[in-house]
Structure formats: structure tokens, C-alpha cells
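Since every read-out is calculated from the coordinates, none of them should be taken as a lab result. Just so it is clear, the structure is predicted and the values come from calculations on it, not from any experiment. Positions of Cβ are backbone-derived with ideal geometry, glycine not excepted, and every protein chain shown enters the neighbour counts.
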Amino acid sequence: MLSESDLSRYERQIMLDGIGIKGQEKLKSSKVLVAGVGGLGSPAAYYLTAAGIGTIGLADFDEVSLSNLNRQILHATNDIGRFKIDSAAEKLSSLNPDVQINKHCIKLTYENIADTVKNYDVIIDAVDNFETRFLINDSCYFLQKPVIEGAVCGFEGLLMTIVPGKTPCYRCLYPDLPKEKSFKGIIGTTAGVIGSLQAFEAVKLLLGIGEPLFGRLLIFDGLNSSFRVIDWSKKRSCPLCGENATIKNPAKY
Ligand SMILES: [Zn+2]
């Protein structure tokens, strides 16, 4: 299944015990959706493309602006005004033309999310707002799709891997939408760290290697150069996956 060029392109990762030819073939037959092609989605999609994930979906409806460029490394100055998925797809295809890039130029909503995620094995949540984050968490819980959650603010970031039925969900941590909605500052390197780790979690999950962040929350503090991992368990009172769950359908926001 791997071509001569695949064997050469992925040589340095195929030699790893946890990957090998079989693992590389698995990556080639895998499909990952990157929701949001901004600060987190850029490095995540870059590394997934470099690693040889066979199909990568990009979901975003935004256009590139100048103030994106301190962190959204898939886009360049001459992309300003273009749709992010067009700019991103172009860079990714140039890096690795063998990867199938699917462009979903949409705002994810209650109505379209099931159709968008249904053909993917893993979802990378790289969106920049709580409404869509909750929508992805709730919908993927019912659709039984694993989600790699990443979030960044300032010099700090969070990472967790959610597998419906197996791990706690996002609402076990944040039961409801937070009220504040302010734009916070961010330096690109923070998004670079967390976005890269999201791609790494996806690869581990697809290959069944290592210890993904199941029921563990990783907290990155860039200023202190530290990573902390704390246990994070299912909440019995969780409105989505708890004992008396009140959410029976992905909520409409
Ligand atoms: Zn939950």
C-alpha cells in the first residue's frame, strides 16, 4: 500500500518501533478533521500532513487578516483576505501532495456538524470560541467520535483527549458555557506547542501507541517552562455524560 516515495518520505518515522510499515499504512488510511485553521489548527494540520495522514479535513469560514499572522503559521502576508481553508490547503498540498485535503468552508452549527464529522476518525478541536467547542463536544459524544481538545490563552495552554464512553467529556470540566467573551492576548509559540501536541495525540490515538491523555488534563505554562498533568475524572453530575444527563441532543447555540 505504501509507494516508493512514501517509504522515502516517512523513512525516519517508519524506523520507530511504534510505527513501522503497518503504522504508516494505518496513518495513510486515516482521516482527521481539523476544526479551525488558526493558531492551533495551523501547526496541528501541518504536522498531520507531514506525518502522512491520508485525508485531512479543514473546517473554517474565516478569512486571513493581518492580526492573525503572529500565530496562524499556515497563512502568509499575501494571503490576507483569502479564505483560511484555501490558504491552508495550498500550503499543506505543497508540503505533501499525496494527502487528500477536504475543504469545508462552513461555520460548524447544530445543523451541519454531523454531516461534517461523520467521515472522520478523529476530530481536532482548534476553534477559538466556547460555543463551537461545546457544540463539538456534545455532537461528537453522540456521534462517538474522539476529540482532541486544545485551548490557549496568553502564555498558557490546555490539552485533553476525549473518547466518548471511555473518558470524561469537556462538560465534566466545564458544565456550561462561560459568560465572559473577551478576546485575550496570545503569543504564537503557545499555540505552536499545544497545536503540535494535538497532532501528536491524534497520531497516538490512530496508532494505538503510548498513553494518550485519557482522563488526564495537560496544563502548559510557557513562562515557567513547565507541563503539569492532572487527573480529570468523569463527573457524575455532568449534564452530558453523567448519571442524570439532561442533554439529549447537541445543544443549539
Ligand atoms: Zn461529561
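Could you count how many residues in region 207-238 are aliphatic (A, V, I, L, M), away from the ligand (no atom under 16 Å from the Cβ) and part of a loop (DSSP other than H, G, I, E, B)? Even if it seems obvious, please write down each step before you answer.
Of the residues in region 207-238, the ones aliphatic (A, V, I, L, M) are 207, 209, 213, 217-219, 223, 229-230.
Still in the list and also away from the ligand (no atom under 16 Å from the Cβ): 207, 209, 218-219, 223, 229-230.
Next cut, part of a loop (DSSP other than H, G, I, E, B) only: 209, 223.
Result for region 207-238: 2.
Determine which member of the set 228, 216 is closer than 14 Å to residue 158 by Cα, of a type in the set (Lys, Arg) and buried (at least 17 other Cβ atoms within 10 Å of the Cβ).
Numbers: 228 fails: buried (at least 17 other Cβ atoms within 10 Å of the Cβ).
Residue meeting the stated conditions: 216.
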Open item on the list: If residue 102 satisfies all but one of (1) outside any helix (DSSP H, G or I); (2) closer than 20 Å to residue 192 by Cβ, what's the number of the condition it fails?
Closed with: (2)
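Conditions tested, residue by residue: (1) within 16 Å of the ligand (Cβ to nearest atom); (2) of a type in the set (Gly, Ala, Ser); (3) assigned to a strand (DSSP E or B).
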site: 150; (1), (2), (3): no, yes, yes
site: 200; (1), (2), (3): no, no, no
site: 205; (1), (2), (3): no, no, no
site: 240; (1), (2), (3): yes, no, no
Task: Matching residues in region 138-148 - criterion: being under 12 Å from the mean Cα position of the chain (by Cα) and either within 12 Å of the ligand (Cβ to nearest atom) or aliphatic (A, V, I, L, M) (or both) - done: 147, 148
Open item on the list: Can you tell me how many residues within region 152-195 are more than 16 Å from the ligand (Cβ to nearest atom), part of a strand (DSSP E or B) and crowded, with 24+ Cβ neighbours inside 10 Å?
Closed with: 3
TODO: Search region 165-179 for residues that are farther than 11 Å from residue 239 by Cβ and of a type in the set (Ser, Thr, Tyr) and pair each with any residue that is assigned to a loop (DSSP other than H, G, I, E, B) and more than 7 Å from the ligand (Cβ to nearest atom) when their beta-carbon atoms are under 6 Å apart and the residues are at least 6 apart or on different chains.
DONE: 167/215
